[in-house]
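What follows is calculated from the coordinates using simple rules that are stated; it is not laboratory data. Please read these numbers as outputs of a predicted model, since none were measured by experiment. Quick reminder, even Gly has a Cβ in these numbers, built from the backbone with ideal geometry, and neighbours come from all protein chains shown.
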Amino acid sequence: MKDTTVNIKQVSAASPNGRRNFLKMSGLALAGTGLLIAGCSDDDDNRSDNQLPGVRNGKFDLGGGDAGILTYAYALEQLEADFYTRVVNNASFTATFNAAEQAVLVDLYNHEVIHREFFKAAITGALSDAGGGTLLPNLEFNYGTLNFANRTAVLQTAIALEDTGVRAYNGAGQYISNTDYLLIAGKIVSVEARHASAVRDLLNGGDSFAGDDAVDATTGLDKAENPSDIIRQVSALNIIQTPFTAQFLR
């Protein structure tokens, strides 16, 4: 199944929900502001054409420099958007989750689709400025035996994906040279962290809004990992079925 945006019926809780309001305040504003940087030029004089994303030796390579980091983020956002698309459109969605949980998961779906489309537009603008490169195609995914009608399995998978996204953004920030991109990445990672917290809250009945496993014990901050480490971990899950390389990402 290819990564696509689908129309879904918005599910609302019967009464105001703190988790949902928290997500509302933290996320959807990106739709109106993030796309403004799509046409910004890249000032990284060290970037060369052979680092732009594109097909190399028969496989798509994410590239390097700012364009490579944006493409890397785009791949991860495709994964998250696809996952939540399947969650909210599963035939058992309304039977598996109560009304308040449905509202939170629909919000997460909407956020991740916005993130995916933002990066698609941003990379298109960056590659146009660079005069070359290729946009990462729509990736294909397979979740194996994951049962989307199993509440615990879905929420545990959501936490794993959100935590991975937080570590990925935190680790990639040091490699972004364009300050506009860095600013937006900082906004998006804060939303991803809120996602992880909200899903933990759902899974544990409101008893663990934040998880010790997601925090670096030394710094007290969310964990950070380099792109090469994140790509290795995601590849090991065998969810992404479209092969690609990342020769220029550390």
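Tabulated data
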quantity	calculated
Computed E for R250/T94 - FRET, C-beta separation, R0 51 angstrom, nearest 0.05	0.70
Residues whose placed amide H lies under 5 Å from that of T134, excluding near-sequence neighbours	G54
Descending principal axes extents, segment 72-167, alpha-carbon based, whole Å	50, 26, 26
Efficiency of FRET from Cβ geometry, T179 and V55, R₀ 25 Å, rounded to 0.05	0.25
Segment A121-T242, extension gain: residue separation times 0.36 nm, minus the distance between their alpha carbons	41.5 nm
Sorted peptide list for 89-99, 240-250, 121-131, criterion being average Cβ within 10 angstrom, highest first	121-131, 240-250, 89-99
Net charge of neighbours whose Cβ lies under 14 Å from the Cβ of A236, counting Lys and Arg as +1 and Asp and Glu as -1	-1
